[in-house]
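The values are calculated or read from the model by the stated rules, or taken from the named source; none is laboratory data. Please read these numbers as outputs of a predicted model, since none were measured by experiment. Note that each Cβ is placed from the backbone with ideal geometry, even for glycine, and that neighbours are counted across all protein chains shown.
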Amino acid sequence: MNNRLLVVEDDESLRLTLVDNLELEGYDVLSASTIAEAKSVISQQSLASQEIEIIVLDLMLPDGSGYDLCEEIRLTNQRMMILMLTARTLDTDLQMGFNKGADDYLTKPYKVAELLLRIKALLRRTSSAQRSVETSIINDAKINWQKHSVSKDGQEIHLTKKEFDLLKLLFDNLDQPLTRDEILSQVWGDEVYVEERTVDNFISNIRKALDLNEPRVYFVKTVRGVGYALMKGVG
């Protein structure tokens, strides 16, 4: 079965061009021009048990912001990849997109060839995640890597998509210090600019959510002059 994508773009000419190019690459492509249409398509696909793997999402839409749709999707779906398209280039805009749950961010004008490469990269990440392990216990929290869920005592702990990806990276490199540059490259990608202090903020959120500040079974250690490492404590 071909990979299923959803293009959400209000510019008809650009939307048709994107759909045509993606279909030529062999993708199964759906499209919408508004947030309302996109939500309807997602709902219909979900009811039919047909998973949309990637949403190519324009930021500025007639009935609202792509940020809002991105955030709403992340409340119920952590696996669907979101590639945000926008003419905005400020660091604050990029940061907002990632905080809302976007997986990648491409600024207009862009080359279709670059868009196709980014989509292929996202699909590789999806495939890799699906092959990865089931569940792990970090301190008192249960992590389901496949479902992108975190719970403690039966209660869900909310992590954003990027926070979850960062947690997975630290867990996969247990006891191995990672530099901020390595973390930025692995979690945010090399194609976008994100300030190093963003890593510090996300580490702080993860520490607080999973009680990783002090040595327990697991804790996040600040490695001075290097970066961070998830360590096994004395538990």
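Structure summary
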| read-out | value |
| --- | --- |
| Search result, residues across the range 141-174 that are within 22 Å of Asn99 (Cβ to Cβ) and among the basic types (Lys, Arg) | Lys147, Lys161, Lys162, Lys168 |
| Test result for Tyr110, within 18 Å of Asp165 (Cβ to Cβ), modelled with pLDDT of 70 or more and among the hydroxyl-bearing types (Ser, Thr, Tyr) | no |
| So Leu22, is it surrounded by 19 or more Cβ atoms within 10 Å (Cβ to Cβ) and outside any helix (DSSP H, G or I) | no |
| Condition check for Ile52: in contact (Cβ under 8 Å) with a residue 40 or more places away in the chain, within 29 Å of Leu24 (Cβ to Cβ), part of a loop (DSSP other than H, G, I, E, B) and of a type in the set (A, V, I, L, M, F, W, C) | yes |
| Check on Asp68, modelled with pLDDT under 85 and assigned to a helix (DSSP H, G or I) | no |
| The listed residue being within 27 Å of Leu47 (Cα to Cα) and not hydroxyl-bearing (Ser, Thr, Tyr), out of Gly101, Gly97 | Gly101 |
| Identity of the residue in the range 1-19, among the polar types (S, T, N, Q) and within 17 Å of Leu123 (Cα to Cα), that ends up surrounded by the most Cβ atoms within 10 Å (Cβ to Cβ) | Asn3 |
| Condition check for Leu159: assigned to a loop (DSSP other than H, G, I, E, B) and buried (at least 20 other Cβ atoms within 10 Å of the Cβ) | yes |
| Candidates Ser151, Ser185 - the one that is more than 16 Å from Arg74 (Cβ to Cβ), without any contact (Cβ under 8 Å) to a residue 24 or more places away in the chain and in a helix (DSSP H, G or I) | Ser185 |
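This table checks each residue for (1) modelled with pLDDT of 90 or more; (2) within 19 Å of the chain's Cα centre (by Cα); (3) over 18 Å from Ser204 (Cβ atoms).
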{"position": "Ile137", "(1), (2), (3)": "no, no, yes"}
{"position": "Lys142", "(1), (2), (3)": "yes, no, yes"}
{"position": "Ser149", "(1), (2), (3)": "no, yes, yes"}
{"position": "Asp153", "(1), (2), (3)": "no, no, yes"}
{"position": "Glu163", "(1), (2), (3)": "yes, yes, no"}
{"position": "Leu166", "(1), (2), (3)": "yes, yes, no"}
{"position": "Arg180", "(1), (2), (3)": "yes, yes, no"}
